[in-house]
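A short reminder: the numbers here are calculations on the coordinates, not readings from a lab. Computed from a predicted model, the values in this text were never measured in an experiment. Counting neighbours? That spans all protein chains shown, and the Cβs are built from the backbone with ideal geometry, glycine included.
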Amino acid sequence: MLDRVLFDLFAGLAILSAILVVTRRNVIHSAIFLITALLATAGIFLQLHAEFLFIVQIILYVGGIMVLFIFVIMLVNLDVALHQMQFRRQWWVGLLLAIALGAETVAAIYIGRLSLPGPNSAPPATALEPNTELVGRALFTGYMLPFEIASVLLLVAMIGAVVMAKRRT
Amino acid sequence: MIGTGHYLFLSLALFLIGVVGVATRRNVIIILMSIELILNAVNINLVAFSRLVGSVEGQVFAIFIITDAAAEAAVGLGIIIAFFRNRETVLSDEMDLLKW
């Protein structure tokens, strides 16, 4: 029962702030609502017993990526863009595309609904505990190579961002 | 009690809102933020299935996706700053240097 209330709360918050992210005129408002959406998603992760991912989401997304976004919004002067048209002239094409994609996915879930087990047949939450230890073990044994490649990717992205944003002399 | 289907529909809703944002907005920064929303929706799916299967591997994949999102945001914002310095705009339909 409490589970249900929490899920509805977090899901409603996430969807509401996501809608506000794509409709607000002021970019800084969009960024603030994106932070709420990401925090609500972190709550969903906690409810799914993914405690490590919950902390990673808050520290990395909300604390890292969003600060980067807000810094760039401050650096880029947006006063002019604020009074211009916010949506493309062909916005209805994108909307139609999204509706078609949504209908397709709902149909796919509906056709495959019998292969999804019922709410009560999920394995007990204890199968994923202790969460951080299991994630660390998987990362450093079975997924060692992807883990190292991800660190190289981050290094390349860091150098790339610095080179890209550097002022040409 | 909440089944996996609930998480699938939540993830679908967030994904579609992100797609609408990418396809309709003109501001490049909001397009990048919509991409973050899309990646986040995928993470919800992965974690929900990780719980359903009772295996931690979905969460490992979600961590890799968060890493990719960080790299993408850093490079994307670097490109936006470089572009703004040259053209004084952040609107995607004014980025037409390759248009004939």
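Given the options B:Asn43, B:Asn27, B:Asn86, state which has the largest fluctuation in a GNM of chain B using a 10 Å cut-off (strictly under) for Cα springs.
Of B:Asn43, B:Asn27, B:Asn86, the Gaussian network model singles out B:Asn86 as fluctuating most.
Find the centroid of the Cα atoms in region A:137-169 and in region A:56-79, then give the distance between the two in whole Å.
19
Which helices count as membrane-span-like in chain A under these terms: full DSSP H, at least 27 Å along the axis by C-alpha, Kyte-Doolittle mean of 0.5 or more? Provide the component values of the computation, followed by the final result.
Numbers: long enough: A:2-23 (32 Å, 1.91); A:27-47 (30 Å, 1.95); A:91-111 (30 Å, 1.81); A:144-165 (32 Å, 2.29).
Once both thresholds are applied, what remains is A:2-23, A:27-47, A:91-111, A:144-165.
Under the rule of -39500 (n - 2.57) per DSSP H run of 4 or more residues, summed and divided by the residues of the protein assembly as shown, what mean residue ellipticity at 222 nm is obtained, to the nearest 500 deg cm²/dmol?
Working: 11 runs with 194 residues, N = 269.
Here the helix-only value at 222 nm equals -24500 deg cm²/dmol.
Using the Cβ atoms and a cut-off under 14 Å, what net charge is assigned to the surroundings of B:Ser92, where Lys and Arg are +1 and Asp and Glu are -1? Display every interim value, and only then the final one.
On the way: positive: A:Arg88, A:Arg89, B:Arg25, B:Arg26, B:Arg87, B:Lys99; negative: B:Asp93, B:Glu94, B:Asp96.
With Lys, Arg at +1 and Asp, Glu at -1, the net is +3.
Largest first and to the nearest Å, give the Cα extent of the protein assembly as shown along each principal axis.
Cα extents, longest axis first: 59, 40, 33 Å.
In what order do A:His49, A:His83 fall by count of nearby beta-carbon atoms within 10 Å, going from fewest to most? Before the final figure, lay out each step's value.
Details: A:His49 19, A:His83 8.
The order, fewest Cβ neighbours first, is A:His83, A:His49.
Which order do A:Phe54, A:Phe71, A:Phe87 fall in if you start with the one that has the fewest other Cβ atoms within 10 Å? Intermediate values should be presented prior to the final figure.
Working: A:Phe54 20, A:Phe71 12, A:Phe87 16.
Fewest to most other Cβ atoms nearby, the residues stand as A:Phe71, A:Phe87, A:Phe54.
So how do A:Tyr110, A:Tyr143 line up by other beta-carbon neighbours within 10 Å, fewest first? Walk me through the numbers on the way to the answer.
On the way: A:Tyr110 10, A:Tyr143 19.
With the fewest neighbours first, A:Tyr110, A:Tyr143 line up as A:Tyr110, A:Tyr143.
Which of A:Leu82, A:Leu39, A:Leu53 moves the most in a Gaussian network model of chain A with Cα springs under 10 Å?
A:Leu82
Tally Lys and Arg at +1 and Asp and Glu at -1 over the other residues with C-beta under 14 Å from the C-beta of B:Val42: what net charge comes out?
Values: positive: none; negative: B:Glu36, B:Asp68, B:Glu72.
Overall, the nearby charge balance is -3.
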